[in-house]
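Below: one structure, written as structure tokens.
The values are calculated or read from the model by the stated rules, or taken from the named source; none is laboratory data. Computed from a prediction, not measured in an experiment: that's the story for all the values here. For neighbour counting, all protein chains shown are included, and Cβ atoms are generated from backbone atoms with ideal geometry for every residue, glycine included. These area figures cover heavy atoms from the full protein model, side chains too; ligands, DNA and RNA do not enter into them. Shrake-Rupley method; radii C 1.70, N 1.55, O 1.52, S 1.80 Å.
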Amino acid sequence: MIADTDTYPGYVFVRDAQAELDVTLDARLTPDQARVIAGNLEREGKHTVAAEGLRRAADEAERKA
């Protein structure tokens, strides 16, 4: 599960997502990027909880915009 997400107007900030996204750096994603990654995680059949969290964060970031 992604350890930490924050939402800001128009973007999602992801920290500590090496296991799910195979990235060691923090990532700043647009809501659309977050949804694409969530879809990829689900299609691969892994990290479905993280995928749902990314979708919720994307929705929240859009509401804040």
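Considering only protein heavy atoms and a 1.4 Å probe, what is the carbon-and-sulfur percentage of the accessible area of segment 1-60? Walk me through the numbers on the way to the answer.
Working: 1740 of 3620 Å².
Carbon plus sulfur share of accessible area: 48 percent.
Got a sec to turn the phi values of segment 48-65 into Karplus ³J(HN,Hα) couplings, 6.51 cos²θ - 1.76 cosθ + 1.60 with θ = phi - 60°, whole Hz, x for Gly and Pro?
5, 5, 4, 4, 5, x, 5, 5, 5, 5, 4, 4, 5, 4, 5, 5, 6, 6
Could you identify which residue out of Leu54, Leu25, Leu41 has the top mean-square fluctuation in a GNM of the chain using Cα springs shorter than 10 Å?
Looking only at Leu54, Leu25, Leu41, the largest GNM fluctuation is found for Leu25.
State the three equivalent ellipsoid semi-axes of the chain, derived from the C-alpha gyration tensor as the square roots of 5 times its eigenvalues, in descending order and whole Å. Mind showing how you got there, number by number?
Working: eigenvalues 62, 34, 15 Å².
They are 18, 13, 9 Å, listed from largest to smallest.
With contacts defined as alpha carbon pairs under 8 Å and 6 or more residues apart, what's the relative contact order of the chain in percent? Let's see the in-between values first.
Numbers: 114 pairs, mean separation 24.1, N = 65.
Computed over the chain, the figure is 37 percent.
How many nm separate the modelled label positions at Thr48 and Asp22, each set 7 Å beyond the Cα in the direction of the Cβ?
Result: 2.2 nm between the two label points.
Output the 0 to 90 degree angle, nearest 10, between the alpha-carbon long axis of helix 31-43 and the longest principal axis computed from the alpha carbons of the chain.
Helix 31-43 sits roughly 20 degrees off the main axis of the chain.
Heavy-atom accessible area per residue, the chain, 1.4 Å probe: how many Å²? It would help to have the intermediate numbers written out before the result.
Working: 4070 Å² over 65 residues.
Value for the chain: 63 Å² per residue.
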